[in-house]
Amino acid sequence: MPEGNAARPEPRRVILDCDPGIDDALAILLALRSPEIRVEAITAVAGNVPLERTAENALKLTELAGCPDLPVAAGASHPLERKLELADFVHGPDGLGGLELPAPSRSLDPRPAWEVLAQAALGNPEPLTVVAVGPLTNIALALEAAPDFAWQVEELIVMGGSECGGNATPAAEYNVYADPEAAQKVFASGAQITLLTLEATRQATLRREHLERLRGGGGPVSRAAAHLAAYYLDFAASHGADAAALHDPLAVGLAIDRSFATETVSANVQVETRGEITYGATVINRRLSARPRIDAGEFIRRGDPEPVAPNARLPVKIDGERFTAFLIDRLLD
Ligand code: BDR
Ligand code: CA
């Protein structure tokens, strides 16, 4: 498992899979303004808003960040098995809280996102980190297209899931809830997964004082980031909160600097794909053991605890204040 970039002579090669989305947009800007990583492509998935929007938003944001040649590919327009449930009540109908950006001057990469992901992982000996901050449909499709994808990706940093309670439903976090079948395939794939749950990302928050700092920057990136931050904070305020969690930027933050996580545990993560009221919930076993069910005729008994293999590493303590300050610095121009 890679432990940050200090020992790396070269910037870390990254693909960002996302559904912009306000916090996705901040994550894209952070990634493209961070010399510690080299973003090779951005892949868009349907999620917060429909695919045409997420893909177009990604294109516009790469141009805003001064990377007009960076490939942007569109992927899945709907989840593997269910109907897409949007989160446009959070992000606005356009996904960017009404942020006005020039129409993109170029087209999308002609390849589907999962092909871009598979080719980047398999066709290049340089290690690849994938940061996935939307529903996991594109990643599941990349695994289907190239089963070796799981072993070829050095690290898959996922923002999704929760240990206790959700934000899409009382049980489920949005990215996993939006495509639980895809998420379960990803957790079962054997990939080296770092999972940032809601409990982790809620430790890194954006507040009014950060918005004021962004407003102090005069350049186009600061202005766009301030617009996104203001919209996001207004949404939080409408729910009685004075801070908004920096879910997706934190996932990019970990690719840049692992020390934003100050404690990490191993766990086994499974996704509920059948439950009616718990559909899309993540079941996270930190204990790494379970008692097997034994059919003993009239009753079921539990046997002695047996080990359960970990399939993810979970950052559980985050230096949130340092991360948010770092993010704001990177977004100022
Ligand atoms: C996740 O849900 C989306 O709405 C955000 O962009 C983030 O990726 C947080 O649960
Ligand atoms: Ca997202």
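Read the figures in this text as sums done on the coordinates, not as results from a lab. Fair warning: this is a prediction, and the values are worked out from it, not measured in the lab. Cβ: placed from backbone, ideal geometry, glycine included. Neighbour counts: every protein chain shown.
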* Structure fact -> With label points set 7 Å from each Cα along the Cα-to-Cβ direction at Glu144 and Glu126, the distance between them in nm comes to 3.0
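So how much slack lies between Glu263 and Ala188, counting 0.36 nm per residue of separation and subtracting their Cα-Cα distance, in nm?
Values: separation 75, 0.36 × 75 = 27.00 nm, distance 2.39 nm.
Contour length minus Cα-Cα distance gives 24.6 nm.
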* At Gln270 and Glu212, where each label point lies 7 Å from the Cα along Cα→Cβ, what is the point-to-point distance in nanometres? -> 5.0
* Asked: So which lysines pass the test for Lys83, namely a Cα distance under 28 Å, with those fewer than 8 places away in the same chain ruled out?
  -> Lys60, Lys185
* For the chain, what is the largest minus smallest coordinate of the Cα atoms on each principal axis, given in angstrom and ordered from greatest to least? -> 72, 48, 42
* Have a look at Leu254, Asn138, Trp151 and report the one farthest towards the positive end of the charge dipole of segment 7-331, computed about the Cα centre with Cβ charges (Lys/Arg +1, Asp/Glu -1). => Leu254
* Asked: Using Cα pairs under 8 angstrom and six or more residues apart, how large is the relative contact order of segment 59-174, in percent?
  -> 23
* Structure fact -> Here the relative contact order (percent) of the chain, from C-alpha pairs under 8 Å and at least 6 apart, is 19
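What is the local net charge at Ala142, summed over the other residues whose Cβ is closer than 13 Å to its Cβ (Lys, Arg +1; Asp, Glu -1)? Let's see the in-between values first.
Details: positive: Arg111, Lys185; negative: Asp17, Glu115, Glu144, Asp148.
Surrounding charge for Ala142 is -2.
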* Asked: Which of the GluC sites (Glu not before Pro) across segment 275-333 are loop residues per DSSP, with 12 or fewer other Cβ within 10 Å?
  -> Glu276, Glu298
* To do: Using label points projected 7 Å from each Cα along Cα→Cβ, tell me how many nm separate Asp329 and Ala230, to one decimal.
  => 2.6
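Could you list the square roots of 5 times each eigenvalue of the Cα gyration tensor of segment 5-81, that is, the equivalent ellipsoid semi-axes, sorted largest first and rounded to whole Å?
Numbers: eigenvalues 108, 36, 21 Å².
In descending order the semi-axes read 23, 13, 10 Å.
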* Anyone know which of Thr137, Thr129, Thr264 comes out most mobile in the 10 Å Cα GNM of the chain? -> Thr264
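Which value, in debye to the nearest 20, gives the size of the charge dipole of segment 7-331 about its Cα centre, when Lys and Arg are +1 and Asp and Glu are -1 at the Cβ?
Details: 30 positive and 44 negative charges, 113 e Å.
Using only the charged Cβ atoms, the result is roughly 540 debye.
In what order do Tyr231, Tyr174 fall by count of nearby beta-carbon atoms within 10 Å, going from fewest to most? Working shown, then result.
Working: Tyr231 19, Tyr174 27.
Starting with the residue having the fewest Cβ neighbours, the order is Tyr231, Tyr174.
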* Asked: So in the chain, what percent of DSSP beta bridges are antiparallel if you round to the nearest 5?
  -> 45
